[in-house]
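The values are calculated or read from the model by the stated rules, or taken from the named source; none is laboratory data. Values in this document were obtained by computation on a predicted structure and should not be read as measured data. Virtual Cβ from ideal backbone geometry, glycine too; neighbours counted across all protein chains shown.
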Amino acid sequence: MGDVDIAIEGARRSDEIGAMARAVEVFQANAVERQNLEKAAQVMRDQDAQRARSLEHSSTTFRTAISAIIATLNREISSLRSASAKGRPCVNVLRIPTVARQA
């Protein structure tokens, strides 16, 4: 990229030099706008990448938690089936924490 901070002289002239200077100013303004758009696009790409990483992390955390819950449920179901097969009542077979009532 070129240096877009250079002052273009002669744009106020009414001859061909002035016309050329004004044309260069248009090119310069377009270059500045292109640089600004490229920076904005890069910011958007960075934000999209961060959002994707965040979603992936959340998804992984959720999958891990759900897998643990399913594993616990499977163990408890196996305990119930085992107790049922042995003819024992299923009360207190589940290892669900209870909260003591306060008077």
Considering only the range 9-21, state which residues are assigned to a helix (DSSP H, G or I) and either among the hydrophobic types (A, V, I, L, M, F, W, C) or touching a residue at least 12 places away in the same chain (Cβ under 8 Å) (or both).
Ile17, Ala19, Met20, Ala21
Does Ser54 count as modelled with pLDDT under 90, part of a helix (DSSP H, G or I) and of a type in the set (Ser, Thr, Tyr)?
no
Out of (1) at pLDDT 95 or above; (2) surrounded by 12 or more Cβ atoms within 10 Å (Cβ to Cβ), what's the single condition that is false for Leu37?
(2)
Determine which single condition Asp3 fails, assuming it passes every other condition in (1) in contact with a helix residue (DSSP H, G or I) (Cβ under 9 Å, 6 or more places away or on another chain); (2) exposed (fewer than 10 other Cβ atoms within 10 Å of the Cβ).
(1)
Taking the conditions exactly as written (surrounded by fewer than 10 Cβ atoms within 10 Å (Cβ to Cβ), at pLDDT below 95, under 39 Å from the mean Cα position of the chain (by Cα) and on the phi < 0 side of the Ramachandran plot), does Pro89 satisfy them or not?
no
Just one listed residue, out of Ala83, Ala49, Ala11, is at pLDDT 90 or above and either surrounded by 10 or more Cβ atoms within 10 Å (Cβ to Cβ) or in contact with a His (Cβ under 7 Å, 6 or more places away or on another chain) (or both), and it is Ala49
Exactly one of (1) in a helix (DSSP H, G or I); (2) modelled with pLDDT under 95; (3) loosely packed, with under 13 Cβ neighbours inside 10 Å; (4) aliphatic (A, V, I, L, M) is unmet by Val24. Its number?
(3)
